[in-house]
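Structure, as structure tokens:
Each reported figure results from applying straightforward, stated rules to the coordinates on display, with no laboratory input. Keep in mind that this is a model prediction, so the values were computed, not measured. Ideal geometry is used to build each Cβ from the backbone, glycine not excepted, and the neighbour counts take in all protein chains shown.
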Amino acid sequence: MKRMIIPVLSLTTAIFLLGITGCKPKNAGSAAAGDAASRVYVAPGKYDEVYNFVSGGFSGQVTVYGLPSGRLLRTIPVFSNDPQTGYGYSENTIPMLNTSHGFVPWDDQHHLEISQTNGETDGRWLFANANNTPRIARIDLTTFRTAEIIEIPNSAGNHSSPFITENTEYVVAGTRFSVPMDNDNGDVPIDTYKKNFKGTVSFIKVDPNSGNMDIAFQILLPGVNFDLSHAGKGPSHGWFFFSCYNSEQAHTLLEVNASKRDKDFIMAVNWKKAEEYLKQGRGQKQKVKYAHNVYSDDTHQATSTIKDEVIMLDATQFPDLVYAMPCPKSPHGCDVDPTGEYIVGSGKLAALIPVFSFSKMTKAIEAKDFDGDYEGIPVLKYESVLHGEVQKPGLGPLHTEFDGKGNAYTSMFLSSEVVKWSIADLKVLDRAPTFYSTGHLMVVGGDSKKPYGKYLVAYNKITKDRYLPTGPELNQTAQLFDISGDKMKLLLDFPTAGEPHYAQAMPAEKIAAKSLKIYDLMKNKNPFVTMGEKESRVERKGNRVDVYLTMIRSHFSPDNIEGIKVGDEVYFHVTNLEQDWDLPHGFAIKGANNAELLVMPGETQTLKWVPEVSTIFPFYCTDFCSALHQEMQGYIRVSPKGSNVPISFSLGKNSDATVEPEASK
Amino acid sequence: MKTKHLSGLQKILVAVSAVMLVVVLFVPLWKILLYAPQYPEGLTLKMYPHKLGGDVEIVNGLNHYIGMKTLHTEDFIEFTVLPYIIAFFALFAIIVLLVNRRGLLNVLFYSFLLFGIVAMVDFYRWEYNYGNDLDPTAPIQVPGMSYTPPLIGYKELLNFQAYSWPDVGGILFFGAGLVLMGAVVLSWIDKRKKRI
């Protein structure tokens, strides 16, 4: 018998293994729609239908893709410096990254919002949040450049941002981390969280013409973690909804300690009421410190101003300002449907999706249908504000977008799928697997009053085997779905930059039509502009040397510079004299400790350079500008400290070989 | 006796030509379109009676590679004189109407024809000069290559395809000439009828 054991064992093992491999689910990952290739093919020279703005997550930047092709059109430097454009390295842009903590050249960029008029995307600006050092940026969509960055005081982890009201009246911010307020003593034991830690949401006014941002007020709230938000629209215009978790107020091991309660909240903020209280002067001025940085396309220069005051409204002092709607299991996404009536909360750990009704909420508030309060905030009864629950939608619901046809699309992180459901009857209509673990998803115009629909993009957190391997680090992946029919159809995978979180998209025409081609040299008001080669020069003031340099195909003026000394602070003020589209020139100098400059036609940018050795330094144009690009170069002679070589500069005066060089005379 | 004067139709034609010439003063006479692989959108040079228009600066930026002189309105006496000459012919046409003599109409037409020919010769002359008077130190030198744009029509100049056509003003200018010719022809027809 013993002799039989081994063969029998081997056989059972073999069958067992076979069984396991046989049970492995078939990879449905290639299940693209039959006509997918033709649906995403944008012929050479043809344009995409849609601009897709995608957050860069830990890259700190924003990327722009064309849909349906998934082609990368541009990376916009926002919160991280960018050596290829000189953003954050040039004297002009260094102030953009200034904060109350000094120069912060990196951030974690999570969410985006295109400006809206009447609840529809208008394509004027794109707002972007910085999660780590709380900031909001405004990107000008005529230049695709960061035009403004405002820091948020009394905040840590600006996550529920930069969502906007339906006419871009406000862009909001919210604290992911509750912390002691900036003007309170912050040197407290961490375990005094419940006593000393507070949350805030901030309303930043946006000037309807210039787009300039200014913090209008902050609302002081209980110490919880604010997660995501969306503005009311249509009938719910005037309200803002913020999801929050950690109502347990844990300060350690949150994955356990902040997951205890059955329900956390969606905080409904009546910002119209807040405006009234503000008018009555009932807000409290608080001393804070935050940076406000603005870039001017006239002077080609950013200025950073440190501001020192905000107005705070303590929500517990104004009983009709904020209401808490109970929402199951640590809600994440907080999304308002195109009609403005339904608010979808996505409890990350819930096995259902609650949908709240705005009209029921207002009725419950009128009827004072409260279930006590949470830290002084009235809590509405769950049943009184609930439109209904989507049962068994999938696992790990995160975010919901809408197609304007009464359908909602929710990303499921754990079950790795997109689920389409009907808002009216809360029935699941369709599911599409994603590869893998979708975080955010986006429908074109999907959080506006009038979604464009047609396409949905899922931004996945895990890539694994979707592309050729590139070592341990893989780019994240996005998946494009056609949602024009009853069933979602997978069309395309495309890799993305950084870690995309939320994204925005709108049809291309409006933005494309307003896209700037060149900066008008005649309107260049930079204090260091050089309006032509005749004005190009080098000036010394003490150990500061200003080089007024021009670039035009295919030379610098001047291109021979002498009289610079070791330790001089040299500022190259480089003006691109071209007035033709797509003719940037680059400026790079050997040994520069910062980066290059990439200067657009009609623009002036300044790079600081401190030479440390006495020798000849070459500089050259880095952007292949013309047939004679390789000839676009120059030399700088750096003499030792205390040398008496005078400042001199020239262009086009080739010395005769028989003439003795001036310096050796 | 009557035949010395302008007929009703002739008066209308002369009046029309006067109006056309007045319009010419304000619109471009000629255009040169330049296309290259790098310029799919094309570059345009427009010749007004009094100035150069269009993408002059961009064309000037490119010209230095082949050593062509840069184009500047103030370098051309034509842009000073041309508006006066055109205005003169418009005025002349009005005078013909007032004086009402067929003989004077003939003077107007033939002088206008002469001016047209001189203008085209002059245009060709400065195109030729620009295309051939090249800086000997230019970075790009193609042996035997000159860059005279076509007087009218199409020509390939290195990586550029050049098209030269009359613009609105040029068409009106030709048109005015044709209209005047029509008026002169009407006189001939009258004369013939008389002989018969």
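Got a sec to turn the phi values of region B:101-117 into Karplus ³J(HN,Hα) couplings, 6.51 cos²θ - 1.76 cosθ + 1.60 with θ = phi - 60°, whole Hz, x for Gly and Pro?
10, 5, x, 5, 4, 4, 4, 4, 4, 5, 5, 5, 4, 4, 4, x, 5
Starting from the Cα of residue A:523, draw a straight line to each of the aspartates and glutamates and keep only those under 19 Å, dropping any in the same chain fewer than 8 residues away.
A:140, A:297, A:298, A:533, A:535, A:578, A:580, A:582, A:603, B:55, B:57
When chain B is treated as a GNM, springs tying every alpha-carbon pair under 10 Å, which of B:23, B:179, B:118 comes out with the largest mean-square fluctuation?
Maximum fluctuation in the GNM of chain B, among the listed residues, is at B:118.
What does the structure give for A:66-73 when I average, per residue, the other chain Cβ atoms found within 10 Å of the residue Cβ?
0
With helices defined as uninterrupted DSSP H runs, which ones in chain A have an alpha carbon span along their own long axis of at least 15 Å and mean Kyte-Doolittle hydropathy of at least -1.0?
Answer set is A:2-23.
Taking R0 as 30 Å, what FRET efficiency do you get between residue B:15 and residue B:165 from their Cβ-Cβ distance, rounded to the nearest 0.05?
Computed FRET efficiency for residue B:15 and residue B:165 comes out at 0.60.
When Cβ neighbours within 10 Å are restricted to other protein chains, what is their mean count per residue of peptide B:54-65?
Neighbouring Cβ atoms belonging to other protein chains average 3 per residue here.
When the chain is fully extended, how far beyond the present Cα-Cα distance does residue A:31 get from residue A:628, taking 0.36 nm per residue of separation?
209.9 nm
When we measure straight from the Cα of residue A:287, which aspartates and glutamates land under 17 angstrom away, once same-chain ones fewer than 8 places off are left out?
Counting by Cα, and skipping residues close in sequence, residue A:287 has these aspartates and glutamates nearby: A:151, A:182, A:184, A:214, A:308, A:309, A:314.
By DSSP, what percent of the beta bridges with both residues in the protein assembly as shown are antiparallel, rounded to the nearest 5?
That works out to approximately 90 percent antiparallel.
Counting only residues 5 or more places away or on other chains, whose amide H sits under 5 Å from the amide H of residue A:417 once H atoms are built in the peptide plane?
Placed amide hydrogens put A:412, A:434, A:438 under 5 Å from residue A:417.
Which far-off residues, 5 or more places away or on another chain, put their amide H under 5 Å from the one on residue A:123, with H placed in the peptide plane?
For residue A:123, whose amide H was placed from the backbone, the distant partners under 5 Å are A:115.
Please list, in order along region B:74-91, the HN-Hα scalar couplings obtained from phi with the Karplus expression 6.51 cos²θ - 1.76 cosθ + 1.60 (θ = phi - 60°), rounded to whole Hz, x for Gly and Pro.
Residue by residue, region B:74-91 yields 6, 7, 10, 4, 3, 6, 8, 7, 3, x, 5, 5, 5, 4, 4, 5, 4, 5 Hz.
Mind listing the phi-derived Karplus ³J(HN,Hα) values for region B:54-60, rounded to whole Hz, using 6.51, -1.76 and 1.60 with θ = phi - 60°, and x for any glycine or proline?
Per-residue couplings from phi come out as x, 8, 4, 5, 5, 4, 4 Hz.
Can you order the peptides A:489-496, A:267-274, A:330-337, A:299-306 by their average number of other Cβ atoms within 10 Å per residue, highest first?
Highest-to-lowest ranking by the protection proxy: A:330-337, A:267-274, A:489-496, A:299-306.
So how do A:251-260, A:220-229 stack up, highest first, on mean other-Cβ count within 10 Å?
Peptide ranking by packing, descending: A:220-229, A:251-260.
Quickly rank A:465-474, A:413-422 as a protection proxy: mean count of other C-beta atoms within 10 Å, highest first.
Packing proxy ranking, top to bottom: A:413-422, A:465-474.
Under 5 Å between amide H atoms, partner at least 5 residues away or on a different chain: which partners does residue A:198 have, H built in plane at 1.01 Å?
Those qualifying (amide H under 5 Å, at least 5 residues apart or on another chain) are A:179, A:181.
Zone of residue A:194 (label point 7 Å along Cα→Cβ, backbone N under 20 Å): which residues in region A:248-281?
Within reach of a label on residue A:194: A:248-265.
Using helices alone, I'd like the mean residue ellipticity at 222 nm for chain A: each DSSP H run of four-plus residues gives -39500 (n - 2.57), total over residue count, nearest 500.
Taken over chain A, the calculation gives -2500 deg cm²/dmol.
Which angle between 0 and 90 degrees, to the nearest 10, do you get for helix B:8-24 versus the longest principal axis of chain B when only C-alpha atoms count?
20 degrees
Let a ≥ b ≥ c be the square roots of the eigenvalues of the Cα gyration tensor of region A:76-222; is it rounded (a/c under 1.5), or, if not, prolate (a/b larger than b/c) or oblate?
oblate
Would you mind checking the pairs A:198/A:263; A:272/A:392; A:233/A:285 and listing those with alpha carbons more than 25 angstrom apart?
Table pairs above 25 Å Cα-Cα are A:272/A:392; A:233/A:285.
Along Cα→Cβ, 7 Å out, is where each label goes; now give me the distance between the ones at residue A:261 and residue A:142 in nm to one decimal.
Each label point lies 7 Å from its Cα, and together they span 4.7 nm.
Return the aspartates and glutamates within reach of residue A:590: Cα separation strictly under 17 angstrom, same-chain partners fewer than 8 residues apart disregarded; answer none if there are no such residues.
Answer for residue A:590, where 17 Å is the Cα cut-off: A:559, A:562, A:568, A:569, A:612, A:623, A:631, listed by chain and number.
Looking at region B:8-195, how many pairs of lysines come closer than 30 Å at the Cα, when each pair is eight or more places apart or spans two chains?
Taking region B:8-195 as the scope, the lysine pair count is 12.
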